[in-house]
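For reference, the structure is listed below as structure tokens.
Please treat every number below as a calculation from the coordinates, not as lab data. Keep in mind that what you see is a predicted model, and the values were worked out from it rather than measured. Here the Cβ is made from the backbone with ideal geometry for all residues, glycine too, and neighbour counts use every protein chain on show.
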Amino acid sequence: MTSKRTRDRLVQRLIEQGVSHQMVLDIMANTPRHIFLDEALSHRAYEDTALPIGHGQTLSQPYIVARMTEILLSAGGKLDEVLEIGTGSGYQTSILAQLVGHVYSVERIKPLQDKARERLRLLGLRNVTLRHADGGLGWPESRQFNAILSAAAPRDIPDSLKQQLAPDGVLVIPVGADTQELTLVVRLGDSDEFKTQRLEPVRFVPLLSGVTR
């Protein structure tokens, strides 16, 4: 289940689907995806598919994790501080934490956050700050981020997230209800102007407001 051959097969599938950023591929190959699932599903950890993690949420398909991370890294600019909307299992968080300076991650479902914290501790990832809060609000204490990645889809891009981008910062987010598109938003310098680019169809859980315990 956790053999190098099994992980290498997953990485080869990512390459065949167009993922080419070598650092992303290396991190995906060396991160134990099975620890982010309940034991009953851990044997499916290295399939290229989304898997349930409870509370109506999913562990994203490896291709989507790799693709979103690659887009974020390839957009240019420094990545000292990255905001993640939707910690979920903590898998995407762990991939980001191995590639950027510091990850600030927001999760609205407390039991998921608690499990993610333990998994990140198990991996020794100390450059992550978690918060139990409404992800649509971001991290609003006047903080600006080099990049924001959302693992849940709003109907429309929240202005609160756009405003938390640092100059030339990038936002990678799925957008839509019945149909969704992975979208890249770039802040143009320190202005209030943004360039938006639709990239490809995707399917994510919706971005919901409020918090649960």
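Quick one: dipole size for region 1-129, taken about the Cα centre, charges +1 on Lys/Arg Cβ and -1 on Asp/Glu Cβ, in debye to the nearest 20.
Result for region 1-129 is approximately 220 debye, rounded to the nearest 20.
Select from Asn146, Asn30, Asn127 the residue whose mean-square fluctuation is largest in a Gaussian network model of the chain (Cα-Cα springs shorter than 10 Å).
In this elastic network of the chain, the residue with the biggest mean-square fluctuation among Asn146, Asn30, Asn127 is Asn30.
Which ³J(HN,Hα) values, rounded to whole Hz and listed in residue order, are derived for region 123-136 from phi using the Karplus coefficients 6.51, -1.76 and 1.60 in 6.51 cos²θ - 1.76 cosθ + 1.60 with θ = phi - 60°, glycine and proline given as x?
Karplus-based 3J(HN,Hα) across region 123-136 equals 7, x, 8, 9, 9, 10, 10, 9, 9, 8, 6, 6, x, x Hz.
So who's got an amide H within less than 5 Å of the one on Trp139, skipping anything under 5 residues away but keeping other chains? H placed 1.01 Å off N, in plane.
Result for Trp139 returns nothing.
Can you pull the Rg over Rh of the chain, Cα-only, Kirkwood?
Across the chain, the Cα-based Rg/Rh ratio is 0.93.
For a quick check, take a GNM of the chain with Cα springs below 10 Å and name the residue from Glu81, Glu118, Glu181 with the largest mean-square fluctuation.
Of the options given, Glu118 has the highest mean-square fluctuation.
Please tell me the relative contact order of region 52-202 in percent, rounded to the nearest whole number, where contacts are Cα pairs under 8 Å and at least six residues apart.
18 percent
On a 0 to 90 degree scale, rounded to 10, what angle separates helix 4-16 from the longest Cα axis of the chain?
Taking Cα atoms only, the helix is inclined about 40 degrees.
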